[in-house]
Every structure is written in structure tokens, then in C-alpha cells.
């Protein structure tokens, strides 16, 4: 996200000043304000008027209008002459597509996974949800001779293990309900009583921001997982796993803040924002 904002700032500083104003603190502020105007549309579900944007940013309507005119001229916003309201233009979509081409998950995530592996001492990885199944995408294995490894690209149950439960806890409510229904037919299946307990556990995971598990899918293992989001809002689970004989309850507790910090850092690195997609609906399902 920071890289995207920097690229937008560079583009907009050229567009707004049209190459005539030398770089200065004042011109830098103009670029930042133009970005602020553009950012208003990121948190809006529809079009916006000048008055709404001015109220959100606490600046004069005439200044907002000047920024919108410049952004419209370059295609980053478009206006409806009938309603005099503005929405994102196709150049903004081009920025999103350009970022999509540049974001390489493995290239972006692997250095952080290695750092997390070295700090915690256990295997680290990233998992996602595909068709209501957990799939591991990446891993960096522990240096220990006895270690856990993830089965990459192999569909696994969502309701067993810290990574799967993290994905369930932080996905959108409608998707979660579909996946919970499928858990009843999973292998191994999740009984009605177990499903009630799972809902309660997901509410706890959602509140505290991470999941832990011990031997749920692989006997003798222990795992910690936390949510990560990309700029598209895709949900991932950052997971650390090791043998319970070495990755003890105490060792795992000490690793929790390290895993959480790594998940937050990777979310920012991938341009995501957990605040935008976290779904409180899980609380109502416990």
C-alpha cells in the first residue's frame, strides 16, 4: 500500500502542478491533499459530492473542486453532469491492475517468512481458502532436523488447525456460513455439537486476532496463525507450526506477539487493510 501511495503521489504531483510549479513544501501539500481527495472514494460505496468530500477532509469546497477538476482531467475520477457527483475513473482502475501485475506473493512474502522462521525457530507459511478448503501456498521450513512441513496445494479441512480456523474466523459471514455447512460433510466430519463449539471458538479467535491449535490434524503438532490481507481484500493465514515437544505451550505463547507483528507487517506490505474487511458477524454466530 505504501508503494502504491508513493506511486500515486508521484503521478498526482505531476498532474496537479502540470510541471509548472517547482517542488516545494507547498506543492508537496497539494499532492497530499489531492491524494486525500482520491482516497475518499476508497471508503465510499458509491459516488461523492464536493460537499461530502470537503466535510470528510475538513477543507474548503472550492479547494476540493479544484482537485477534482485536476483528477478528472487526468482520468482518475469522472463526474455526472446531471447530479454533479464524482466517482472513480478508469485511470484508477489501471493503477489497481498495474499493482496486481507487480505484486508477486512469493517474492513479497518469502523474506518475511524466513525472518519469522528464524525468530521463532519453526516452519512458517501462508494458507488461503479455496472452495471451503484450506490450501497452503508457501512455506519456509524450520532448520531443525525434526520439523513440521505443510502439504502445498493440497486441500485440507478448514475446521481443523490454526490456519483453517483463522480463515474461517475472518472471512465474510456469508462465505463462512457456506463453509461451516460444508464442514459437516468434511473428512473428518464436524458434528452438530462440534460445530457449536467451533462457532464459539471462531468468535474468540476473531476477538483476539489469532488462532492456536495442538494436534488437531497432525498429532504431536502445535500451531499459531494470524490473518493477512492483500490489496484486493484476499484473506490469507500466516501460520507457524512445530512439534509440540519443542514448540511447547510456553514457547507458542511467547511467539504469539511475533506472529501478530509479522502478519500486520505483511498485510501492509501486500497493500491490505484488515479494518476494511474484518466481519463482526462471527460474533453473532457463537
So residue 245, is it under 26 Å from residue 146 (Cα atoms), in the same structural domain as residue 116 (by TED's automatic domain parsing) and buried (at least 23 other Cβ atoms within 10 Å of the Cβ) = no
In segment 149-183, the residues that are in a loop (DSSP other than H, G, I, E, B) and free of Cβ contacts under 8 Å to residues at least 40 places away in the same chain = 149, 151, 153, 154, 155, 158, 159
Go through 252, 203, 225, 186 for me and flag whichever is assigned to a strand (DSSP E or B), in the same structural domain as residue 130 (by TED's automatic domain parsing) and touching a residue at least 12 places away in the same chain (Cβ under 8 Å).
-> 225
Is there a residue in segment 137-148 that is touching a residue at least 60 places away in the same chain (Cβ under 8 Å) and closer than 17 Å to residue 267 by Cβ?
-> yes
What's the number of the condition residue 143 fails, among (1) out of contact with any strand residue (DSSP E or B) (no Cβ under 8 Å at 6 or more places or on another chain); (2) assigned by TED's automatic domain parsing to the domain that holds residue 180; (3) assigned to a helix (DSSP H, G or I)?
-> (3)
Reported set for segment 255-266 where residues are in contact (Cβ under 8 Å) with a residue 60 or more places away in the chain and closer than 18 Å to residue 214 by Cα is 255, 259
Scope segment 206-222; condition in a loop (DSSP other than H, G, I, E, B), free of Cβ contacts under 8 Å to residues at least 60 places away in the same chain and in contact with a strand residue (DSSP E or B) (Cβ under 8 Å, 6 or more places away or on another chain); matching residues | 209, 210, 215, 220
Residues being touching a residue at least 12 places away in the same chain (Cβ under 8 Å) and part of a loop (DSSP other than H, G, I, E, B): count how many of those fall in segment 189-200.
-> 1
Those residues that are closer than 16 Å to residue 217 by Cα and part of a strand (DSSP E or B), I need them from segment 237-249; list them, please.
-> 239, 240, 241, 242, 243
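Taking into account only those residues within segment 118-135 that are without any contact (Cβ under 8 Å) to a residue 40 or more places away in the chain and within 22 Å of the chain's Cα centre (by Cα), which is surrounded by the fewest Cβ atoms within 10 Å (Cβ to Cβ)?
131
The values are calculated or read from the model by the stated rules, or taken from the named source; none is laboratory data. Just so it is clear, the model here is predicted, and its values are computed rather than measured. A quick note on method: Cβ atoms are made from the backbone with ideal geometry, for glycine too, and the neighbour counts reach across all protein chains shown.
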